[in-house]
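Scroll down for the structure; my scribbles are underneath it.
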Amino acid sequence: MGFPRSLQIDKEKLAAAQATPNHVSIDEMPDYLGQAFVSIEDHRFHRHIGIDFISLGRALWIDLVKGGKIQGGSTITMQLARNLFLTNNKTFSRKIKEIWIAFYLEWKFSKPEILEMYLNNIYFGHGIYGIETAASFYFGKTTRMDNPNKEIVSLAEAAMLAALPKAPERYSPVKDFSKAKRRQEIVLKRMLQLGVITKAEQEAAVKEKIHILGKYSSLYPNKQNRLSIHAS
């Protein structure tokens with residue numbers, strides 16, 4: 001694949017993204033976990049080539065009308081590209097780089113591989129990166145189905161984790177449980193609309209009582225072990 005010389009991929013970063021601490025393969029996770037993220041972040045993920053031209057065009061139009069900086073419209077692949085190789089500066093040049101790298105990732109990796117890297121590398125707030133560490137921190141649970149030592153995250157908890165990438169600190173259930181809960185219900189509603197869960201599953205997940213732990217694992221020995229929880 002032809003690739004601009006100025007955008008050569010850091011192969012060491014790419015290799016590290018596939019072997020993160022507490023890395024969990026997509027095959028080890030329950031289906032509803034990945035489905036929650038795809039539903040709320042990029043529902044055309046399995047149909048596009050790294051760029052969702054409909055969402056990107058709508059975001060660019062809104063930006064032009066409002067006169068703001070380039071933002072929004074990023075697919076899961078574009079978010080992965082930004083998180084691994086770019087900054088969060090909202091500029092046109094960064095968006096172009098993000099698109100090029102997303103094309104490269106889609107060319108090199110399968111959709112399951114991209115989703116796996118995404119889930120294992122994205123930021124979940126409170127200094128936490130990666131889905132397994134986030135599940136342990138927020139709920140004291142695991143995302144690994146064959147883990148005999150921990151309970152696996154439920155659909156309700158998976159939806160709450162999927163609520164975080166949009167604004168990890170804002171939607172943290174540790175900081176504001178009611179706000180996190182509202183966002184979780186949006187995720188569940190979207191999953192229902194897309195047909196990945198049933199009405200009964202959605203209603204049960206909405207009603208499920210979630211216990212927030214807010215406790216750092218041994219991967220973060222220098223951090224305060226437990227945060228103050230604002231949840232009911």
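A few notes on this one:
- When we screen TYR129, TYR138 for residues that are more than 16 Å from THR75 (Cβ to Cβ), of a type outside the set (Asp, Glu) and surrounded by fewer than 21 Cβ atoms within 10 Å (Cβ to Cβ), the only hit is TYR129.
- Restricting segment 162-179 to residues that are aliphatic (A, V, I, L, M) and surrounded by fewer than 24 Cβ atoms within 10 Å (Cβ to Cβ), the residue that is nearest to the chain's Cα centre (by Cα) is ALA167.
- Per the listing LYS181, LYS175, LYS223, LYS209, the residue uniquely modelled with pLDDT of 95 or more, part of a loop (DSSP other than H, G, I, E, B) and more than 25 Å from ILE26 (Cβ to Cβ) is LYS209.
- Check on THR133, touching a helix residue (DSSP H, G or I) at 6+ places or on another chain (Cβ under 8 Å) and not aliphatic (A, V, I, L, M): no
- Some residue of segment 27-47 being assigned to a helix (DSSP H, G or I), under 13 Å from GLU113 (Cβ atoms) and modelled with pLDDT of 95 or more: yes
- Each residue in segment 197-206 was checked for being crowded, with 18+ Cβ neighbours inside 10 Å and in a loop (DSSP other than H, G, I, E, B), and 1 of them qualify.
- TYR138 being under 12 Å from the mean Cα position of the chain (by Cα), outside any loop (DSSP other than H, G, I, E, B), of a type outside the set (A, V, I, L, M, F, W, C) and at pLDDT 95 or above: no
- Members of segment 151-184 that are among the charged types (D, E, K, R) and under 22 Å from ARG44 (Cβ atoms): LYS166, ARG183
- Cβ-Cβ distances below 8 Å connect the following pairs, each with a first residue in segment 165-183 that is under 21 Å from GLY34 (Cβ atoms), a second residue that is crowded, with 16+ Cβ neighbours inside 10 Å and among the aromatic types (Phe, Trp, Tyr), and a separation of six or more residues or different chains: PRO165/PHE37; PRO165/PHE124; PRO168/PHE124; PRO173/TYR138; ALA180/TYR171; ARG183/TYR171.
- Subset of segment 117-164 [among the small types (Gly, Ala, Ser) and either in contact with a Lys or Arg (Cβ under 7 Å, 6 or more places away or on another chain) or farther than 16 Å from GLY34 by Cα (or both)]: GLY125, GLY127, ALA135, SER136, GLY140, ALA163
- If you go through segment 103-131 and keep only what is touching a residue at least 40 places away in the same chain (Cβ under 8 Å), under 12 Å from the mean Cα position of the chain (by Cα) and not in a loop (DSSP other than H, G, I, E, B), you end up with LEU115, GLU116, MET117, TYR118, LEU119, ASN120, ASN121, TYR123, TYR129, ILE131.
The values are calculated or read from the model by the stated rules, or taken from the named source; none is laboratory data. As the structure is a computational prediction, the values presented were derived from the model and not from experiment. As a convention, Cβ positions derive from the backbone with ideal geometry for all residues, glycine included, and neighbour counts pool all protein chains shown.
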